[in-house]
Amino acid sequence: MDAESLLLSLELAAGSGQGLSPDRRAALLTSLLLVKRDYRYDRVLFWGRILGIVADYYIAQGLVEDQLAPRKTLYSLNCMEWSLLPPATEEMAAQVAVVKGRFMGDPSHEYEHTEFQKTTAEGEKTFEEDVVVHIKEETRLVSVIDQIDKAVAIIPRGALFKTPFGPVNVNRTFEGLPLSEARKLSSYFHFREPVGLKNKTLLEKADLDPSLDFLDSLEYDIPKGSWSIQMERGNSLVVLRSLLWPGLTFFHSPRTRNHGYIYVGTGEKNMDLPFML
């Protein structure tokens, strides 16, 4: 959700229980404006909160003019002091894949994981050794945020447009989805570089508008049924909730520009979802 319309966005998302105390709201309103100024971002999004045992991580993201350029991620424990996180890598994802359970809430906390490594001695005999690997919680935080962004960060169709020269900008003329379109999963796109769109045939691309339909649609997500879509407040608000990453809520008021998403959860993926559908 955009930091400039934070109070309205939090009110629209409050139906899912994603709320903040008045002092946290006031702190975020001030500090996110300072983050935007100091880091010279085009837009700042309040991404959400990852719940920890000792403390919670409040997450914000900074965007440049090209909306699909790599986003800069910051975290805070008190909504006032923000620290920049390093970009996610495949090596990080492989490291944290073995870590299970809740976050602690301490960035310096280290998880211990025992691995079996084969070593060959001079006599060409192979031995197995137990090696203890230390994984920082900050590394896990970076990887989990990246996974959630790639899987369930979404925008309504038309909120962004692709220029003929390549960059993706905010569509200033976007006035919201019609009520009939707002009920359809096909009206919502993943807010990341397209993956499945490149595999479509020319015949499938024939009906697509290249300036608007340049992202992957939610209707092709696997497993099917991983999204819950509901109309609330007398059809004046559409709410999408992810069943794959419980805690992710997207909201949009049809025929208005108000839309956004927020994640409030433990940072754990629902691996049992295919068996629950």
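Please treat every number below as a calculation from the coordinates, not as lab data. Here the structure is a predicted model, which means the values were calculated and not measured. Here Cβ is always computed from backbone atoms with ideal geometry, including for glycine, and neighbour counts include all displayed protein chains.
Annotation note: GluC sites (Glu not before Pro) in the stretch 70-121 located in DSSP loop regions with a Cβ neighbour count of at most 13 within 10 Å are Glu81. One Cα centroid belongs to the stretch 206-277, the other to the stretch 60-129; the line between them spans 27 Å.
If one takes the longest principal axis of the Cα atoms in the chain, at what angle in degrees, from 0 to 90 and to the nearest 10, does the Cα axis of helix 22-39 lie? Its long axis makes an angle of about 80 degrees.
What does the helix-only formula give at 222 nm for the chain: each DSSP H stretch with n ≥ 4 adding -39500 (n - 2.57), the total divided by the residues, and the result rounded to the nearest 500 deg cm²/dmol?
Numbers: 7 runs with 60 residues, N = 277.
Dividing the helical sum by the residues of the chain leaves -6000 deg cm²/dmol.
What is the stretch 41-116's relative contact order, in percent, from Cα pairs under 8 angstrom and six or more apart in sequence? Taking the mean separation of contacting Cα pairs over the length of the stretch 41-116, I get 27 percent.
Secondary structure note: in the chain, about 90% of the DSSP beta bridges are antiparallel.
Applying a DSSP loop filter and a limit of 13 other Cβ atoms within 10 Å to the trypsin sites (Lys or Arg not before Pro) in the stretch 4-87 leaves Arg40. Between 0 and 90 degrees, the angle of helix 137-152 with respect to the longest Cα principal axis of the chain falls at about 40 degrees.
Computed from the C-alpha gyration tensor, the three semi-axes of the ellipsoid equivalent to the chain are 34, 24, 19 Å, from longest to shortest.
Would you kindly state how much longer the chain becomes between Met80 and Asp66 on full extension, computed as 0.36 nm times their sequence separation minus their alpha carbon distance, in nm to one decimal?
On the way: separation 14, 0.36 × 14 = 5.04 nm, distance 2.68 nm.
Taking 0.36 nm per residue and subtracting the Cα distance, the gain is 2.4 nm.
Extension gain for Lys136-Ser186 works out to 14.1 nm (0.36 nm per residue, less the C-alpha to C-alpha distance).
For the stretch 164-277, what relative contact order do you get, as a whole percent, if you take Cα pairs closer than 8 Å and at least 6 residues apart? It would help to have the intermediate numbers written out before the result.
On the way: 144 pairs, mean separation 27.7, N = 114.
Reported as a whole number, the value is 24 percent.
Other residues with beta-carbon under 14 Å from the beta-carbon of Val64 carry, at +1 per Lys or Arg and -1 per Asp or Glu, a net charge of +2. Mind running the shape call on the stretch 53-107? Use the C-alpha gyration tensor, a ≥ b ≥ c as the square roots of the eigenvalues: rounded below 1.5 for a/c, prolate if a/b tops b/c, oblate otherwise. Oblate, because a/c is 1.5 or more while a/b does not exceed b/c.
Let me check I've understood the local charge: for Leu34, count other residues with C-beta under 13 angstrom from its C-beta, Lys and Arg +1, Asp and Glu -1. What total comes out? Could the numbers behind the result be given before it?
Values: positive: Lys36, Arg37, Arg40; negative: Asp38, Glu81.
Its environment carries a net charge of +1.
If you bin all the Cα-Cα distances of the stretch 12-134 at 5 Å, starting from zero, the percentages per bin are 2, 8, 14, 16, 16, 13, 10, 6, 4, 4, 3, 2, 1, 0. Taking all Cα pairs closer than 8 Å and separated by 6 or more residues, the relative contact order of the chain comes to 17 percent.
Charge dipole (Cα centre; +1 on Lys/Arg Cβ, -1 on Asp/Glu Cβ; no other charges) of the chain amounts to roughly 1200 debye. Each principal axis of the Cα atoms in the stretch 193-277 has its own extent, and those three values, largest first, are 40, 35, 21 angstrom. Computed over neighbours whose Cβ is under 15 Å from that of Val239, the net charge equals +2, Lys and Arg +1, Asp and Glu -1. Over all pairs of different C-alpha atoms in the stretch 96-180, the reciprocal of the mean inverse distance, the Kirkwood hydrodynamic radius, equals 17.9 Å. Listed values for the stretch 78-89 are Karplus-derived 3J(HN,Hα) couplings in whole Hz (6.51 cos²θ - 1.76 cosθ + 1.60, θ = phi - 60°), namely 10, 6, 10, 9, 10, 10, 7, 9, x, x, 6, 10, and x replaces Gly and Pro. Once you sort the root eigenvalues of the Cα gyration tensor of the stretch 122-223 as a ≥ b ≥ c, which label holds: rounded (a/c under 1.5), prolate (a/b larger than b/c) or oblate (the other case)? Prolate. If you count Lys pairs in the stretch 101-246 whose Cα atoms are under 20 Å apart, skipping same-chain pairs closer than 8 places in sequence, the total is 10.
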